[in-house]
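All of the numbers you see were taken from the coordinates with simple rules; none came from a lab. The shown structure was predicted, so the numbers you read here are calculated from the model rather than taken from an experiment. Note that each Cβ is placed from the backbone with ideal geometry, even for glycine, and that neighbours are counted across all protein chains shown.
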Amino acid sequence: MSDASPDHPPPSARRSHPLVARLRERDTVLLAVAAVTVLALVARLVALGARPAHWDEARVAYWALYAQEEGHFAYRSIVHGPVIQHVDRWLFEALGPSDFVMRLPVAIVGGLLPLSALLFRDHLRKAETVALSLFLAFNPVLLYYSRFMRSDVLVGAFAFVALGMVVRLLERRRARYLYGAAIFLALAVASKENAVLYVLTWLGAGALVADRALDRPGSDRTGLDRLGAWATTARLYVRRTKTGFETRRRVGVYALHVLGTLAAFALVWLFMFAPRGDGLEGLLTGPAGSGTVGLGEAVSDPAKWGPLLDATVEQFRAEYLSWGGKTGGLTFEDYQARLGGAVRDGLIGTSAPLVCFAIAGFIRERYAVAEGRVLVFFLTYAGAASIVGYPLGLSIGGGWKWNNVHVLLPLSIPAAVGLATIYRWGRDAYREDEPIDVGLTALILAVVVATVVWSGASHVYLNPSHESNDLVQFGQPTDDLDPVVEELRAAAPDENPDVLVYGNASEDASIVDAGQPERTWNVRPVCTDFGNFLPMQWYLAASGANASCAGDPAELRERVEREQPSVVITRVGDDSVPTDWLEDRYDDRGTYSLRYYADATPTIQVYVRD
């Protein structure tokens with residue numbers, strides 16, 4: 001006997017709450033990905049400025065601040081692409097220079113990256129699309145370097161979105177995706193030089209996918225047969241058009257879109273790479289020479305567009321195309337060490353769930369289904385090529401720590417397939433009332449979530465600057481430099497030189513440079529050694545402090561007595577420092593490491609005037 005009655009209709013007849021009904025009508029995948037993106041942004045913005053600036057962050061941030069204050073910019077590959085420099089100089093002008101502000105563009109781009117999962121949804125199931133957004137949001141490597149002022153996340157995100165636009169274009173045939181691909185690819189090129197490697201890995205992966213499509217072992221049809229069938233289909237499609245005029249019109253429309261795409265790419269490229277102010281001349285000390293035509297001058301005087309284009313192309317050719325030759329005599333032993341570190345400490349040590357699920361997703365598509373998806377094969381091949389290839393292009397041994405970003409991005413799609421397979425297994429087991437399979441699924445997912453949460457928390461938030469963290473590179477200071485920055489900001493308003501940097505200029509690893517050529521890079525104070533003293537030059541510039549140097553004990557004593565600087569900075573281990581004499585006149589505020597372990601040189605000692 002049924003339990004249904006006029007007062008108690010069956011469940012299928014009961015009306016849902018209006019809010020529930022509206023949510024059901026909406027795109028649940030879109031809502032899920034949007035929620036993941038919000039959480040990704042929060043994860044990247046919380047305590048974003050807490051970690052002291054890495055050597056590489058400080059170097060790029062200094063030149064971005066210099067461009068904002070002085071108006072001079074020129075592309076140099078040693079500082080990498082101009083995107084982050086331009087965006088940061090605009091933010092510095094609006095919000096002021098700080099560690100939080102300098103990292104903000106990378107954090108926002110990294111936080112919005114999960115939205116790119118929607119570009120691939122035509123080739124992914126619902127659960128796979130959401131799983132992809134989760135990997136992009138919370139993988140520890142992507143999360144750590146989304147909170148780091150380097151361009152790896154920028155070039156990776158822009159290239160990944162450009163690829164998604166191409167995938168969407170092939171499926172939807174909408175011109176807007178063609179323009180989107182061109183713009184995002186241009187942003188990738190302008191973010192970092194290894195954008196070229198993305199294109200190369202795509203071409204290589206495309207060749208492997210095409211070979212698999214043509215060569216099917218066990219089939220009666222050869223690869224030439226398949227090419228002939230595709231050519232016949234194309235000819236039939238052309239013949240079905242009503243008139244030759246319509247065919248010509250379509251060809252003309254396609255040609256216009258191609259030209260428009262090239263124009264969009266070229267405009268973004270020119271805007272990013274064009275010099276500003278006096279260009280390279282403006283980055284050097286001393287009076288500028290003839291200088292270079294800057295973008296602002298060309299905008300106000302169209303006659304200068306020719307010289308601007310010449311200067312931009314020449315600088316791009318000289319710097320961008322020479323980037324790949326800076327690996328510095330790599331030996332096979334070096335390559336082994338870099339590859340081992342990237343795989344053992346990087347991929348397995350911090351991203352084991354993503355890597356394992358990527359392998360599982362590829363195996364499923366290759367061997368467990370009748371027709372595996374081209375997208376999964378394509379990005380698995382691209383990721384595998386990146387694992388092997390990137391250690392060859394590293395300029396420093398520890399560069400694999402941030403270059404694993406470019407390995408994990410392509411592998412995130414086969415990983416999403418693998419994770420969604422486990423989810424569907426558990427869902428089907430629940431529907432069929434199989435408690436053992438449900439329990440196994442829940443256990444696997446719980447272990448994965450716990451692993452990702454613990455790895456992310458320990459690497460990104462709890463221990464973001466110590467050498468025990470596999471993601472921390474040597475140029476990261478271990479000590480909190482906030483007390484030093486506070487003293488610098490307090491000293492900046494004085495009219496006298498606020499900060500005096502002392503180092504025995506004749507010693508190795510001195511923080512003061514022994515001799516300066518007549519014209520050199522305008523790193524203020526110019527008298528400091530840029531390589532040994534970073535990130536302090538960035539903090540000096542950001543605080544507005546007026547800094548100068550003393551290169552021997554007599555000069556130090558004379559300058560202190562005469563100018564009474566508010567802060568004196570020396571190097572620990574420098575025997576020429578008159579420590580007792582300084583301590584009679586200043587408060588010793590302790591020592592601070594500028595690298596990621598206490599014994600690294602240089603380590604600075606800070607004295608503050610009473």
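Values computed for the structure shown
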quantity: Cβ-derived FRET efficiency at R0 45 Å, Asp588 paired with Ala450, nearest 0.05; calculated: 0.50
quantity: Part-to-part distance (alpha-carbon centres) for the range 93-147 and the range 333-375, which is given in Å; calculated: 21 Å
quantity: Mean residue ellipticity (222 nm) of the chain, computed from DSSP H runs ≥ 4 via -39,500 (n - 2.57), nearest 500; calculated: -18000 deg cm²/dmol
quantity: Inter-label distance for Leu30 and Asp211, nm, one decimal - labels placed 7 Å from Cα along Cα-to-Cβ; calculated: 4.1 nm
quantity: Student exercise, the chain dipole from Lys, Arg, Asp, Glu Cβ charges, in Debye to nearest 20; calculated: 4800 debye
quantity: Sites Arg344 and Ser322 - FRET efficiency at Förster radius 30 Å, r taken between beta-carbons, to 0.05; calculated: 0.40
quantity: Within-13-Å neighbourhood charge of Leu65 [Cβ basis; K, R +1; D, E -1]; calculated: -3
quantity: Assigned charges on the beta-carbon of Lys, Arg, Asp, Glu; the range 533-588 dipole about Cα centre (debye); calculated: 300 debye
quantity: For the range 445-539, alpha-carbon Rg over 2.2 N^0.38 Å; calculated: 1.55
quantity: Spin-label pair Leu203/His466, simplified geometry with 7 Å Cα→Cβ offset, distance in nm; calculated: 4.6 nm
quantity: Kyte-Doolittle mean at least 1.6 and Cα axial length at least 27 Å: DSSP H helices in the chain; calculated: 435-456
quantity: Antiparallel bridges, percent of DSSP beta bridges restricted to the range 482-609 (to nearest 5); calculated: 65 percent
quantity: The chain: antiparallel DSSP beta bridges as a percent of all, rounded to 5; calculated: 65 percent
quantity: Reciprocal mean inverse distance between Cα atoms of the range 482-609 - Kirkwood radius, Å; calculated: 14.5 Å
quantity: P(r) weight above 17 Å for the range 332-462, C-alpha pairs, percent; calculated: 63 percent
quantity: Ordering of 272-281, 252-261, 437-446, 533-542 by packing [mean C-beta count within 10 Å, highest first]; calculated: 533-542, 272-281, 437-446, 252-261
quantity: Cysteines without a disulfide-compatible neighbour (Cβ-Cβ under 4.7 Å), the chain; calculated: Cys356
quantity: Cβ charges +1 (Lys, Arg) and -1 (Asp, Glu), total dipole of the range 332-462, debye; calculated: 280 debye
quantity: Within-14-Å neighbourhood charge of Tyr177 [Cβ basis; K, R +1; D, E -1]; calculated: +4
quantity: Length added when fully stretched, Asp575-Glu371, from 0.36 nm per residue minus Cα-Cα; calculated: 66.3 nm
quantity: Share, in percent, of DSSP beta bridges within the range 496-570 that are antiparallel, nearest 5; calculated: 10 percent
quantity: Spacing of the two label points (7 Å from each Cα toward its C-beta) at Arg431 and Leu170, in nm; calculated: 3.0 nm
quantity: Neighbour-count ranking [beta-carbon atoms within 10 angstrom, fewest first] of Leu30, Leu488; calculated: Leu30, Leu488
quantity: D (Stokes-Einstein, µm²/s), Kirkwood Cα radius, the chain, 0.692 mPa s at 37 °C; calculated: 119 µm²/s
quantity: Dipole-positive endmost among Pro464, Gly399, Val449 within the range 369-498 (Cβ charges, Cα centre); calculated: Val449
quantity: Extension gain from Ile396 to Glu93, taking 0.36 nm per residue of separation minus the Cα-Cα distance; calculated: 105.8 nm
